[in-house]
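What follows is a single structure, written as structure tokens, with notes after it.
Throughout, read-outs are computed from the coordinates displayed, never taken from laboratory work. Computed from a prediction, not measured in an experiment: that's the story for all the values here. Note: ideal-geometry Cβ built from the backbone for every residue, glycine included; neighbour counts use all protein chains shown.
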């Protein structure tokens, strides 16, 4: 998600955003990973909404996020933009909610339990 946001800002700066958006829409699948780790300002929120809106019913999307849907209002510049994005994303969505410990943390804890001398991070 961070890479997409940075790319959209670069395209906005050089005037190539419409062309970039068209190129994104030629994909059969768009994967947005780590949505929610960084908040979006108004410009990024608006452009993400445009992408989601234009892909709606035309392009498949996979989105990973550490946020519950109820917290998406804090991700976007306005809660109404978050609601509009979620409305389009969830209409035909298959939601897979994973709960529990992070695999990365669990793996590290197992390693530390086996070899406490590895705790030099």
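What is the helix-to-structure angle for 79-90, meaning the angle in degrees between its Cα long axis and the longest Cα principal axis of the chain, kept from 0 to 90 and rounded to the nearest 10?
Tilt of helix 79-90: around 80 degrees.
Could you work out how far helix 42-55 tilts from the main Cα principal axis of the chain, as a 0 to 90 degree angle to the nearest 10?
That works out to roughly 80 degrees.
Which order do the peptides 30-40, 15-25 take when ranked by the mean count of other beta-carbon atoms within 10 Å per residue, highest first?
Ranking the peptides 30-40, 15-25 by packing returns 30-40, 15-25.
Taking only Cα atoms, what is the 0 to 90° angle, nearest 10, from helix 103-114's long axis to the longest principal axis of the chain?
Once rounded, the angle reads 10 degrees.
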